[in-house]
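The values are calculated or read from the model by the stated rules, or taken from the named source; none is laboratory data. As the structure is a computational prediction, the values presented were derived from the model and not from experiment. Here Cβ is always computed from backbone atoms with ideal geometry, including for glycine, and neighbour counts include all displayed protein chains.
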Amino acid sequence: MRRNLLAFFAITILTVLFTASASGQSQKPPIQITADLSDAPRKLFHAEVDLPVTEGPLTVITPKWIPGDHRPTGPVDGITGVVFTAKGQTLPWRRDDVDLYEFHLTIPAGVSTLHAHLDAIVLTNVSPKLAYLEWDKLMLYPANVPVRDIPIQPSVIVPAGWGIGTALTPIGRGANPVPAWGGATHFAVTNVEQLEDSPILTGQYFQEFALAPEISPKHYMDVASDIAEDSNLRPEALAEITNLVREADALYRSHHYNQYHFLLSLSDTAGGVGLEHGQSSENGIGEKAFSDEDHQLGDADLLAHEFTHSWNGKYRRPIGLYQTDFATAQQGALLWVYEGMTQYLGNVLAARSGLRSQTEYRDVLASSAANLDYTPGREWRSTEDTAVAASILRDGNPAWSSWKRGQDYYDEG
């Protein structure tokens, strides 16, 4: 079965481009979105969105199936305070009865811009000192249009004195690192697909480190922490992360991005995260996780895993997992390749770069094999089925997990 799947994967693999054509975007005025994170310490985000519109019925939508989550985790339940206005007048709206992510309204005659205000209650990946902005928490855009074809220009406001790390291209205020300015920081026009794939890490205790400067394009390590001393990573850890960039360069021998940002939050209150993006990755671990080798061991492969996903999962993605919008269900049959191959290569790169020793990697392999040996659910459920059913297995109830099985497509893949 695996040989057949490999053949299927080889002939159906999909190239996912990182930028829409400039000509396609220039034909349409972009949506303007300003994310206001001033209330991030209170776990509240705000957004002001201006959408180009024409007279008549309009349906706008928020993201539902989030790439990398492999399930419909779109944050519609956290969106609140939605108000639509045009020419100073409030417009009535109605949520769709079936697709709860859609909002219906009617644009009056003579209106070319619809303004939307919305707030988002954000309970994860945020603390009083730092926050991740995942744009899907605030975006509104026309429904039933490929997200790659919708131009959008983002801006962000952060608490005074907070730094900003992102792969988005700042305009008007120089290149990286993006400083903490008063007012809004503006970024170049992109599209809805790429904005969803371009998070921002911001924090009071923020540091940016250039990695492997001899390698082009440029790579950065952006760190925000709850405690000032933690964002200044120890030299040994920075050397290992720099080695990771060099080892990946030697292994993959290609770069499909203009720059790459490792985004790292160090916090005991914000919660953990590991989420891949094309030109960056979200990595959230405990506040002392990089303070010494012993603390580092538990998450030693996290950066390497999410970095590898830029190639395996973003630049190349198995068919079915890529959809032209965020409303269509992703099909996970080949997650054992998307995640399994990344799990393998991420561990290899972690060992080659020094983030994890070769002995520790062998221990990881032995532990994975032992766990699978004592997973009786393998008698009735294939690895492929754990991938197909990924959206109902992730974060599932652990009761009888060895019989029910879980995300085994990571290690068994």
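The table below gives the values:
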{"quantity": "Helices (runs of 4 or more DSSP H) completely within the stretch 286-347 that count 2 or more residues being at pLDDT 95 or above and in contact with a Ser or Thr (Cβ under 7 Å, 6 or more places away or on another chain)", "calculated": "302-309"}
{"quantity": "Candidates GLN259, GLN279 - the one that is in contact with a Lys or Arg (Cβ under 6 Å, 6 or more places away or on another chain) and either at pLDDT 95 or above or crowded, with 24+ Cβ neighbours inside 10 Å (or both)", "calculated": "GLN259"}
{"quantity": "Qualifying residue in the stretch 6-17 (condition: under 30 Å from GLY183 (Cβ atoms) and either at pLDDT below 95 or not in a loop (DSSP other than H, G, I, E, B) (or both))", "calculated": "no"}
{"quantity": "Every residue from the stretch 392-401 that is surrounded by fewer than 17 Cβ atoms within 10 Å (Cβ to Cβ) and either at positive phi or assigned to a helix (DSSP H, G or I) (or both)", "calculated": "ILE392, ASP395, TRP400, SER401"}
{"quantity": "Residue list for the stretch 212-234, filter: over 16 Å from ILE285 (Cβ atoms) and under 21 Å from the mean Cα position of the chain (by Cα)", "calculated": "PRO217, LYS218, HIS219, TYR220"}
{"quantity": "Single condition PRO75 does not satisfy, out of (1) surrounded by fewer than 18 Cβ atoms within 10 Å (Cβ to Cβ); (2) modelled with pLDDT under 95; (3) not assigned by TED's automatic domain parsing to the domain that holds GLY274", "calculated": "(1)"}
{"quantity": "Output for the stretch 133-147, where each listed residue is buried (at least 19 other Cβ atoms within 10 Å of the Cβ) and either in a loop (DSSP other than H, G, I, E, B) or at positive phi (or both)", "calculated": "GLU134, LEU138, MET139, LEU140"}
{"quantity": "Complete set of residues in the stretch 151-184 that are among the β-branched types (Val, Ile, Thr), at pLDDT 95 or above and in a strand (DSSP E or B)", "calculated": "ILE152, VAL156, ILE157, ILE164, THR166"}
{"quantity": "Among (1) modelled with pLDDT of 95 or more; (2) not assigned by TED's automatic domain parsing to the domain that holds GLY271, the one test that ALA212 misses", "calculated": "(2)"}
{"quantity": "Selected residue [assigned to a loop (DSSP other than H, G, I, E, B), surrounded by 13 or more Cβ atoms within 10 Å (Cβ to Cβ) and among the hydrophobic types (A, V, I, L, M, F, W, C)] from LEU114, LEU58, LEU105, LEU100", "calculated": "LEU100"}
{"quantity": "Enumeration of residues in the stretch 118-132 that are under 15 Å from the mean Cα position of the chain (by Cα) and surrounded by fewer than 18 Cβ atoms within 10 Å (Cβ to Cβ)", "calculated": "THR124"}
{"quantity": "Test: residue in the stretch 332-340 that is farther than 15 Å from ALA390 by Cβ, out of contact with any Pro (no Cβ under 9 Å at 6 or more places or on another chain) and surrounded by fewer than 23 Cβ atoms within 10 Å (Cβ to Cβ)", "calculated": "no"}
{"quantity": "Subset of the stretch 72-96 that is closer than 17 Å to PHE45 by Cα and of a type in the set (A, V, I, L, M) - its residue that is nearest to the chain's Cα centre (by Cα)", "calculated": "VAL76"}
{"quantity": "Which listed residue is surrounded by fewer than 16 Cβ atoms within 10 Å (Cβ to Cβ), farther than 23 Å from VAL158 by Cβ and touching a residue at least 40 places away in the same chain (Cβ under 8 Å), from ARG234, ARG316, ARG246", "calculated": "ARG234"}
{"quantity": "Residue check for ALA390: under 14 Å from GLY340 (Cβ atoms), at pLDDT below 95 and assigned by TED's automatic domain parsing to the domain that holds THR342", "calculated": "yes"}
{"quantity": "Boolean, ILE150 is surrounded by 15 or more Cβ atoms within 10 Å (Cβ to Cβ), more than 18 Å from ASP197 (Cα to Cα) and touching a helix residue (DSSP H, G or I) at 6+ places or on another chain (Cβ under 6 Å)", "calculated": "no"}
{"quantity": "Failed item, numbered, when ALA188 is tested on (1) over 19 Å from ALA40 (Cβ atoms); (2) modelled with pLDDT under 95", "calculated": "(2)"}
{"quantity": "Odd one out for LEU105, checked against (1) more than 25 Å from SER198 (Cβ to Cβ); (2) within 21 Å of the chain's Cα centre (by Cα); (3) not small (Gly, Ala, Ser)", "calculated": "(2)"}
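Conditions (1) more than 19 Å from PRO30 (Cβ to Cβ); (2) assigned by TED's automatic domain parsing to the domain that holds THR73; (3) hydrophobic (A, V, I, L, M, F, W, C), marked per residue:
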| site | (1), (2), (3) |
| --- | --- |
| THR106 | yes, yes, no |
| ALA109 | yes, yes, yes |
| ASP119 | yes, yes, no |
| PRO142 | no, yes, no |
| VAL145 | no, yes, yes |
| ASP149 | no, yes, no |
| SER155 | no, yes, no |
| TRP162 | yes, yes, yes |
| LEU168 | no, yes, yes |
